[in-house]
Amino acid sequence: MSSMNIDTEHSIDEGLYSRQLYVLGHEAMKKMSVAHVLIVGLKGLGVEIAKNVILAGVKSVTLYDPEPAKLSDLSTQFYLRPEDVGKPRAEVTQPRLAELNQYVPVHVIDGELTEDVVKNYKIVVATELALSKQLQLSDICHANNIHFMSTEVRGLFGRIFNDFGKQFEVLDATGEEPLTGMVASITKETEGVVTCLDETRHGLEDGDYVSFVEIQGMTELNESTPRKVKVLGPYTFSIGDTNGLSDYIRGGLFTQVKLPKYVDFLSFRESLAKPEYVVSDFAKFDRPAQLHVGFQALHQFSEKHNRFPAPRNEQDAAEVVELTKALASSSDEQVEVDEKLIKELAYQASGEVSPMVAVYGGLAAQEVLKSVSGKFNPIFQHMYFDALEALPKNSSLTEEQCAPLGSRYDGQIAVFGREFQEKIANTNEFLVGAGAIGCEMLKNWAMMGLGTGAQGRLIITDMDTIEKSNLNRQFLFRPADVGKLKSESAAAAVSKMNPDLSGKIDVYQERVGVDSENIYNDDFFEKLSGVTNALDNVEARKYMDRRCVYYRKPLLESGTLGTKGNTQVVLPYLTESYSSSQDPPEKAIPICTLKNFPNAIEHTIQWARDLFEGYFKQPADNVNLYLLEPNFVESTQKQGGSQKETLESVHNFLVGEKPLSFSDCISWARFKFEDIYSNNIKQLLFNFPVDSTTSTGQPFWSGPKRAPDAIQFDPDNATHMDFVVYAANLHAFNYGMKGDTDRELFRRELSKIVVPEFKPKEGVKIQVQENENVENDNSDSLDDVINSLPAPSTLAGFRLEPCEFEKDDDSNFHIDFITAASNLRAINYGITPSDRHKTKFIAGKIIPAIATTTSLVTGLVCLELYKIIDGKDNIEDYKNGFVNLALPFFGFSEPIAMPKMEYNGKEFSLWDRFDIEQDVTLREFIDYFEKEHQLEATMVSSGVSMLYSFFMPKKKAEERLNMKMSKLVETVSKKPIPPHVKAVIVEICANDKEGEDVEVPYVRVKIRQ
């Protein structure tokens, strides 16, 4: 066996693990970084688990699989090549897995899997092993408190089992941020009642624990032992006896406290007799117990015959059914065996399909991470899942059709048959995005042989280049690829995985959108079988959704957020589209809260993010526009509200605050510190003293309003100095000056600066309410500011360098400045400051991500792709999915059917339209609807251009009625129709036969053949 470097301490590479850290946290990742993992079996499932665990960053991964690779293994094992057939699977896979993460050594066990060998590991994962051997291995693990996992995939069936020993500690079952809220009152009684402020829902559940801080009066509760909660209502909860405490006066915050829970696992041997199930699909709640005995029967068959049942072989299947029935009858549970289900399990037992491997590989890898970190709730103890709906109905499934051909797709052919394999190969699929989901999707497609046939093709587009933080989950890329195009690198990587894809992938780098419709045009879309989105923003998803509705192409949609994932199928003439339903908008922070009354760290971070834009980007942009655009001042004057502020910033950056040396930048930063953390706070407290009251006699500084304190600058305080150092360097960057971070230099310069004493002013207005409009009169008029600006001609060639916010570059000081600025603001208001990691997460709007969820979600998407390729037209065969691997939770539902509307007794949906096959005149257009559809067109528009309306002046209408539709669109929009556009989209408002206004489909008018 290879040697292992045991538990040497190393810090976490935040550049690499950035997105995953926001899922797991530093503590869980530190525990993972000392865990040694053993994976037994290196077929498709073993390599998928290994890949995900290595990307996640454990101490080491060791592989055990001395079996020679077979050609059929290539159906799912993406790190085997045809030339590896006959060589030991673990040995040939090891170097390719080792490339995934420089921090995770990958070893191979050469000898036997003895008890002494197993004792080196924290967890053992068994994927390809006879059940009798798995039971022996499980007994060794259970006796030595080594965690054990058994998992396997057979065709469209899968199972997983966990044994994490006695008293396994779960530190955080959900991974959600602890709930927190403001307290309005606490009663003194046997069951003291806490009421939340401003009718804000607390979100707690019975049995949760909370702690308190900042309570005035009942101070005994502050930072005392966590109190157990009993929920009384959405805004109230009780916390036990409060009689012996002081009287509550005001204020206070509660925070949910996550206490560890302890779970006792049975060994594999014990659990086979007394199983506990996690339900994966509530529509199939009767299947886990059947599959529990069915999988055991398969292993009995395998140990007897030294093979699994042959595909679609009736004799083998009948034997498995009998073995299953025998096991069921001797079981303590009353298991009713559905022969059809168990036969299907036997038929598929020797098959392997990449999407199922991806689902279980993601699931099992997440369970490995749970076992070594205590983060999230583990599966207790068995979970079975099947995707039988994916079996083809429009291709024959016989023993002959499913027999092996001696090809790399034999694992898939065993399940779906040769005829269906042909359909897969001759599919033309468009993948939009080659990031985390895109990489996993392409890997699955390569294994499936999608697009490898004579009529098949894969098309990929992604405009992004590869960054270091991508490598943790976008597993097709390596450090040497950083800076290259994702689409090109991904295509090259999967062509190596399956050489049948060589020359079958078209690569684009243009973003999908209105600007690229000359590339992704009618001809492009008409050749496609379907579209799969792998996007990370809603606008692009909605755009592709509109294109798929227009071209009537099926769309597969998915997304992940940490351990959560979802999938959606959009099918022409069956389902609603992606845009049919929307998430509620994010709750915005009120402006007055950001400006003057923050009460949470999120408020100060957003304020600091805005400050960054206001100091280092917007003024530099405005200066450059002023120097470049002759009418900048005039256009600025036409803007409402902030025109004076904009022009003053131009003056300050060109004249008033223009630095001549780096020393001037330090002075600028020091004065900014004084303004925002001292002077502005003093002015606020001058307007609203700490003891001031509202018109109703309530203290002004109460509830969500926290009374601030001004900060006195202290060069020995690291946070104070951080602000000045980073602000000075960013200001210098704007002017193209060389910065410096030598703090001794800063101390010397700061000692020379005289900061004038501040006296609060009378008559300054401060915004208190969200809808209040506050304007303060400054002495200079707008004209004075304009007259003070230097003429652009005197600054020929001068430009400023705006700071374009970039969260992932640790050398640019952007996040450092925002962290310092936010934490100083937090100190002003008595809010607990935040570390750089959390600040980066909120300011950078980072979407937490982990490879396990991505793997599982893409597997679910590809299961739906099988159904689309088969041409299933029953909505009940399809599934939209929602998963949360932390809980774990799996929810599947039938897609929502397309809503139907009607006019004049004719039904239509979003997939319908009127097609006019030639470039008619507007008169012919209106007559067509009158004659063919008994609709009176009252208004006709295209995009934002109104082409016709019943109230239009008669002369204007007459002119337009004789114009061809193409000419009319160009005339009204004042823009030529691009040459690639073959048809224009027209919307009409219409009255039906009864003269009632009715909703009707849109119209497509073909203007070029």
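Of the GluC sites (Glu not before Pro) found in segment 112-168, the ones in coil according to DSSP and having at most 15 other Cβ atoms within 10 Å of their Cβ are Glu112. In this label model, Arg511 and Glu112 are separated by 6.2 nm, measuring between points 7 Å along each Cα→Cβ vector. Neighbours of Pro953 by Cβ distance under 13 Å: Lys/Arg scored +1, Asp/Glu scored -1, total +2. How large is log10 of I(q)/I(0) for segment 818-891 at q = 0.25, 0.26 Å⁻¹ when the intensity is taken from the Debye formula with one equal scatterer per alpha-carbon? Each listed q corresponds, in turn, to -1.08, -1.12. Which whole-angstrom value gives the distance between the alpha carbon centres of segment 623-652 and segment 345-391? Cα centroid to Cα centroid, the span is 59 Å. Each of Asp481, Asp691, Asp13 was scored by other Cβ atoms within 10 Å of its Cβ. Arranged with the fewest first, they read Asp691, Asp13, Asp481.
For segment 320-428, the Cα gyration tensor yields ellipsoid semi-axes of 29, 23, 11 Å (square root of five times each eigenvalue, largest first, whole Å).
For the peptides 719-725, 93-99, residues were scored by their other Cβ atoms within 10 Å and the scores averaged per peptide; the highest-first order is 719-725, 93-99. Over 30 Å apart at the Cα level, from the set Lys587/Lys838; Lys375/Lys468; Lys443/Lys553; Lys956/Lys982; Lys587/Lys761, are Lys587/Lys761. Across all directions, the average projected area of the convex hull around the alpha carbons of segment 180-257 is 4.1 nm². What separates the Cα centres of segment 964-980 and segment 842-883 is a distance of 40 Å.
Within segment 514-546, the trypsin sites (Lys or Arg not before Pro) that combine a DSSP coil assignment with at most 16 other C-beta atoms in a 10 angstrom radius are Lys527.
Under 23 Å of direct C-alpha separation, and excluding same-chain neighbours fewer than eight residues apart, Lys658 reaches these lysines: Lys617, Lys644, Lys672, Lys738, Lys752.
Equivalent-ellipsoid semi-axes for segment 133-208 (Cα gyration tensor, √(5λ), whole Å, largest first): 46, 18, 9. Applying a DSSP loop filter and a limit of 12 other Cβ atoms within 10 Å to the chymotrypsin sites (Phe, Trp or Tyr not before Pro) in segment 234-293 leaves Phe285.
Listed from fewest to most Cβ neighbours within 10 Å, the set Tyr17, Tyr829 follows the order Tyr829, Tyr17. Bridgeable aspartates and glutamates around Lys87 (alpha carbons under 15 Å apart, same-chain partners fewer than 8 residues away excluded): Asp65, Glu67, Asp73, Asp110. For segment 235-296 and segment 477-496, write down the distance between their C-alpha centroids in whole Å. Using only Cα atoms to place each centre, the spacing works out to 43 Å. Taking only the alpha carbons of the chain, we obtain Rg and Dmax values of 33.2, 96 Å in that order. Per residue, the average separation of C-alpha pairs within less than 8 Å and at least 6 apart gives segment 600-830 a relative contact order of 36 percent. With Rh defined as the Kirkwood radius, the inverse of the mean 1/r over Cα pairs, the Rg/Rh of segment 62-119 is 1.01. The Cβ shell under 11 Å around Ile711 holds other residues with a net charge of -1, Lys and Arg each +1, Asp and Glu each -1.
Our analysis of segment 903-1006 gives Rg over Rh at 0.95, with the two radii drawn from alpha carbon positions and Rh computed by the Kirkwood formula. For the chain, the share of DSSP beta bridges that are antiparallel, to the nearest 5, is 65%. Cβ crowding within 10 Å ranks Cys862, Cys803 as Cys803, Cys862, fewest other Cβ atoms first.
Remark on segment 483-586: ratio of C-alpha radius of gyration to 2.2 N^0.38 Å is 1.19. Along its three principal directions, the equivalent ellipsoid of segment 377-444 from the Cα gyration tensor extends over semi-axes of 26, 21, 12 Å, largest first.
Each Lys or Arg adds one and each Asp or Glu takes one away; over the other residues whose Cβ falls under 14 Å from the Cβ of Ile850, this sums to +4.
Values in this text are rule-based calculations from the coordinates and carry no lab data. Since the model is a prediction, treat every value here as computed from it, not as a measurement. Cβ coordinates were reconstructed from backbone atoms using ideal geometry, including for glycine residues, and neighbour counts include every protein chain displayed.
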